[in-house]
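This report refers to the structure that appears directly beneath it.
The values are calculated or read from the model by the stated rules, or taken from the named source; none is laboratory data. Computed from a predicted structure; not experimentally measured. Because the Cβ atoms are built from the backbone with ideal geometry, glycine has one as well, and the counts that use them run over all protein chains shown.
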Amino acid sequence: MREIPRSADVVVVGGGVHGASVAYHLAKMRAGRVVLVERKFLASGPTGRSSALVRRFYALDFLTRTANTSADVFQRWSEVIGGGDPGYRQVGVLWLASSERATYLRDNVTRACELGANVVPLTPEEVHALVPEMAVDDVAFGAYEPSSGYADAAATTNALAIRARELGATVLLDLPVEAVHAAGGKVTGVGLAGGGEISTPRVVVCAGLWANRLLAPLGIEVPLALKRHQMCFFRRPPGFTSHPAVIDQPHATYMRPETGNLTIHGLVAYDEVVDPDHYNEGADAGEVLKNAELIARRFPVMEHGLSMGGYAGVYDVTRDHEPVLGPIPEYSGLHADFGWSGHGFKHAPAVGAIVAGAALEDSARGGDLMLFRWSRFRDGVLLPPATGTDAPHQRG
């Protein structure tokens, strides 16, 4: 029978890539007794169904800094993290924008370069020269991140959790957290399945799809739509050996290469809301057909490719598609890192450090995290769209 600690200095709820990163950074910061609790196995939620893109810039400075810093960590993992292998593959990331979004992408590239990101503007002709198989008739502007790519989501999560253990943290798997306990405006512990409890003055909720189940009883209502997303696999025909990861704004799709001469391809947004504990984890036949048509438009050579099915996962989508981060001031010691809406994987190494530091200080650390406070939904102060092809905002 495993031993469950009765008390901790910090409990992290959720063993996805963000929970593992927060636990690792807390242990690295010598935060005392750090306990990570996961309801199933590591990366069993949205993380394990992520395409795991690693790219560098947004229309919002904070997200550009965290994405760029995290991408540097993936490149120098053993040096920075100290162990494990995230399975990083530097295949490059190519952005495509239509005429309606070209100015936004150009401005965001300029700002990203000012912030130190390795990204190069491209004309449509240069895009075609970089990837000759690509049709660019609807592309007005492009951008290329030569040092970006993708990682293995499960391997990344496990590497962070193993390092957290090596630094003294306790990692508990197959143990659902059923409640966050509080009294007198302060966190006092977490309730576990089966009636157990871990007493603690600090809890970081990285529970993703299940975050609201823990916070709603405390009066913290974060509107989350739990949306099923689908990714489809296609085998490239002979002669089409590889390509960069692609963020295709004109088609509202994205894709990346995979081993075995495969490409993973999906739409940017989906609307189907599901129960995260019971949903179809495969790709719908109609969705596979839609993705096949779109990939063949961008890569005409894929008319000779082969569909290889696909899979589905669930995103915890907020109203403005940005996360909830940092302290929840209604309860001293309560902190958040969830609601990433499908773009969280790439930020985990940097954001884990920021959230861990904020949890130890019980503050928003200089105000950056205030942008992502939970109460913006209650107060109607939503963040504007912030992808690399959206209008720039929140400089500084």
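Assorted remarks:
- Taken residue by residue, segment 263-270 has at least one member that is of a type outside the set (A, V, I, L, M, F, W, C) and more than 26 Å from Phe141 (Cβ to Cβ).
- Residue within segment 195-204 that is charged (D, E, K, R), assigned by TED's automatic domain parsing to the domain that holds Arg106 and more than 30 Å from Arg376 (Cα to Cα) present: no
- Just one residue in the set Pro132, Pro121, Pro46, Pro86 is free of Cβ contacts under 8 Å to residues at least 24 places away in the same chain and in contact with a helix residue (DSSP H, G or I) (Cβ under 8 Å, 6 or more places away or on another chain); that residue is Pro121.
- Members of segment 81-109 that are within 27 Å of Ala353 (Cβ to Cβ) and out of contact with any strand residue (DSSP E or B) (no Cβ under 7 Å at 6 or more places or on another chain): Ile81, Gly82, Gly83, Gly84, Asp85, Pro86, Gly87, Asn108
- Being among the polar types (S, T, N, Q), surrounded by fewer than 16 Cβ atoms within 10 Å (Cβ to Cβ) and under 28 Å from Asp138 (Cβ atoms) is a property that Thr103 has.
- When residues in segment 250-278 are screened for being β-branched (Val, Ile, Thr) and in contact with a helix residue (DSSP H, G or I) (Cβ under 6 Å, 6 or more places away or on another chain), 1 of them pass.
- Pair list, Cβ under 9 Å, 6 or more apart: segment 300-313 residue assigned by TED's automatic domain parsing to the domain that holds Lys290, other residue polar (S, T, N, Q) and assigned to a loop (DSSP other than H, G, I, E, B): Ala312/Asn280; Gly313/Ser50
- Residue match in segment 274-282 (condition: part of a strand (DSSP E or B), surrounded by fewer than 20 Cβ atoms within 10 Å (Cβ to Cβ) and free of Cβ contacts under 8 Å to residues at least 24 places away in the same chain): yes
- Residues within segment 111-136 that are among the polar types (S, T, N, Q) and surrounded by 14 or more Cβ atoms within 10 Å (Cβ to Cβ), tallied: 1
- Qualifying residue in segment 305-325 (condition: in a loop (DSSP other than H, G, I, E, B), of a type in the set (A, V, I, L, M, F, W, C) and out of contact with any Lys or Arg (no Cβ under 7 Å at 6 or more places or on another chain)): no
- A single entry from Leu214, Leu289, Leu294, Leu209 fulfils the requirement of being over 23 Å from the mean Cα position of the chain (by Cα), crowded, with 17+ Cβ neighbours inside 10 Å, assigned to a helix (DSSP H, G or I) and not charged (D, E, K, R): Leu294.
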